[in-house]
Amino acid sequence: MRATTIHAAGDVRLSEVPDPEISSPTDAIVKVTAGCICGSDLWPYRGENDIDEGSTIGHECVGVVEEVGGEVVSFRPGDFVVVPFCHSDNTCPHCRAGMHSACENQGFTASGQGEYALVHQAEGTMVKTDGQPDEGMIPSLLTLSDVMATGWHAAVAAGVREGGTAVVVGDGAVGLCGVLAASVMGAEQVVVMSRHQPRQDIARQFGATHVVEERGEAGAAAILEITQGVGSDAVLECVGTDAAIQTAFEIARPGSTVGFVGVPHGVELPIRRMFSRNIGLAGGMAPVRAYLPELLKLVVEGRINPGLVFDSTLPLSEVAEGYRAMDERRSVKVLLQP
């Protein structure tokens with residue numbers, strides 16, 4: 001099959017790789033209808049993560065079930081499914097506690113930017129739609145495999161509450177989905193920290209009431225002005241850099257929580273500030289499967305349209321250009337069509 005492979009920093013290619021095969025009775029093979037490039041894929045692309053030369057890349061996809069193992073009883077070939085990026089059996093103690101991303105039988109989608117993807121714990125991982133969805137709904141369904149669920153996780157972890165204030169640090173696809181999540185959860189003030197007009201426009205469509213373009217001390221001062229000197233009731237950190245974390249804790253009010261979902265790179269926590277102001281930290285890798293039924297319902301009912309984060313659609317053959325566009329911030333998020 002054709003799939004995206006990464007060979008070095010800045011070097012992604014569309015390559016011929018072996019088709020995935022059922023090797024366990026819990027496996028399923030999904031023919032990818034749509035995949036995409038994630039902001040976290042840019043870490044290895046920029047040389048910030050170790051690279052296994054020639055390995056496939058891409059962990060977000062939706063598609064049609066092609067084949068299932070013997071223990072997969074709830075799905076059959078032809079079902080349209082959303083595939084959470086982290087695979088889970090949905091039965092272990094961690095899954096039962098809602099932490100599917102720490103499943104005892106965890107797996108990950110490895111070729112979401114390809115023609116086929118292998119799902120390791122298919123029975124507990126995949127969620128199917130009621131028949132083949134309309135083409136216009138596919139972008140929103142695709143966000144449920146990662147970014148919408150991850151933005152939602154940031155909002156849950158931060159304790160977004162009805163009538164409160166939520167500040168989102170980061171204007172990538174996850175941050176924008178965090179804006180949407182905070183809005184749906186009833187936050188009265190939803191602030192996004194963004195310097196980019198196209199991203200600001202999406203944030204406003206998702207319910208942002210304020211946009212702060214400043215960074216560092218100036219950005220913190222702007223947040224304090226919006227919150228009348230109090231700070232934010234909930235902070236969603238959706239970047240993963242030390243600067244983003246420091247800003248998040250600077251603008252969080254005493255007693256609040258920072259919900260972090262950005263993959264940490266070079267982060268040092270301000271422990272003394274956390275202690276003296278009783279600011280908590282929660283979050284991490286999103287348990288997508290836990291949130292998927294609720295989010296799928298919101299999409300199907302037309303209450304949310306997270307697919308707006310896709311501002312570019314490319315054929316799989318142009319995946320290298322998709323990476324360049326996101327790396328250069330010419331695109332928020334690129335949808336790929338095999």
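The values are calculated or read from the model by the stated rules, or taken from the named source; none is laboratory data. Keep in mind that this is a model prediction, so the values were computed, not measured. Cβ coordinates were reconstructed from backbone atoms using ideal geometry, including for glycine residues, and neighbour counts include every protein chain displayed. Heavy atoms of the whole protein, side chains included, go into the accessibility calculation; ligands, DNA and RNA do not. Shrake-Rupley method; radii C 1.70, N 1.55, O 1.52, S 1.80 Å.
I'd like to check one number: the per residue accessible area of region 186-338, probe 1.4 Å, reported in Å² as a whole number.
Numbers: 7010 Å² over 153 residues.
Per-residue accessible area for region 186-338 comes out at 46 Å².
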Rounded to the nearest whole Å³, what is the per residue volume of the convex hull around the Cα atoms of region 110-268?
-> 145
State the antiparallel share, in %, of DSSP beta bridges confined to the chain, rounding to the nearest 5.
-> 55
From the phi of every residue in region 319-332, what ³J(HN,Hα) in whole Hz does the Karplus formula 6.51 cos²θ - 1.76 cosθ + 1.60 yield, where θ is phi - 60° and glycine or proline is x?
-> 4, 4, 5, x, 5, 4, 4, 6, 4, 8, 6, 7, 9, 6
Would you please give the FRET efficiency between K128 and R215, computed as 1/(1 + (r/R0)^6) with r the Cβ-Cβ distance and R0 = 45 Å, to the nearest 0.05?
-> 0.55
In sequence order, calculated HN-Hα J values of region 20-26 (Karplus, 6.51, -1.76, 1.60; Hz; x Gly/Pro) = x, 10, 5, 10, 9, x, 8
Please identify which residues in region 240-254 have an amide N closer than 18 Å to a label point set 7 Å out from the Cα of Q228, following the Cα→Cβ vector.
-> 252-254
V300 paired with S276, simple spin-label distance in nm, labels 7 Å along Cα-to-beta-carbon = 5.2
Q197-M99 pseudo-label distance in nm [points 7 Å out on the Cα-to-Cβ vector] | 4.6
Packing rank of 252-260, 82-90, where each peptide gets the mean count of other beta carbons within 10 Å, highest leading | 82-90, 252-260
Report the charge-dipole magnitude of region 158-303 in Debye, nearest 20, computed about the Cα centre from +1 at each Lys and Arg Cβ and -1 at each Asp and Glu Cβ.
-> 260
Using the per-residue mean of other Cβ atoms lying within 10 Å as a proxy for protection, in what order, highest first, do the peptides 274-283, 47-56 fall?
-> 274-283, 47-56
For region 159-251, what is the Kirkwood hydrodynamic radius in Å, using each pair of distinct C-alpha atoms?
-> 12.5
The answer for region 13-134, accessible area per residue at 1.4 Å probe in Å², is 45
State the percent of C-alpha pairs, over all pairs in region 1-132, separated by a distance greater than 26 angstrom.
-> 23
Which one, [x] 0.97; [y] 1.01; [z] 1.13, gives Rg/Rh (Cα atoms, Kirkwood Rh) as derived from the coordinates shown?
-> [x]
When the chain is fully extended, how far beyond the present Cα-Cα distance does V73 get from A243, taking 0.36 nm per residue of separation?
-> 56.5 nm
Would you calculate, for the chain, the mean residue ellipticity at 222 nm contributed by helices, counting each DSSP H stretch of 4 or more residues as -39,500 (n - 2.57) and dividing by all residues, to the nearest 500?
-> -8000 deg cm²/dmol
Compactness of region 184-338, expressed as Rg and Dmax over alpha-carbon positions, Å = 17.2, 53
With a point put 7 Å past each Cα toward its Cβ, work out how far E268 is from D52 in nm, to one decimal.
-> 3.3
Compute the long axis of helix 147-158 from its Cα atoms, compare it with the longest principal axis of the Cα atoms of the chain, and write down the angle in degrees, 0 to 90, nearest 10.
-> 40
Translational D in µm²/s for region 75-198 (Stokes-Einstein at 4 °C, 1.567 mPa s, Kirkwood Rh from C-alpha pairs) | 81
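Can you pull the percent of region 102-245's accessible area that's carbon plus sulfur, 1.4 Å probe, other chains left in place? The partial results should precede the final answer.
Numbers: 2410 of 5190 Å².
Carbon and sulfur: 46 percent of the exposed surface of region 102-245.
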Taking the Cα atoms of region 299-338, report the difference between the largest and smallest coordinate on each principal axis, in whole Å and largest first.
-> 35, 23, 8
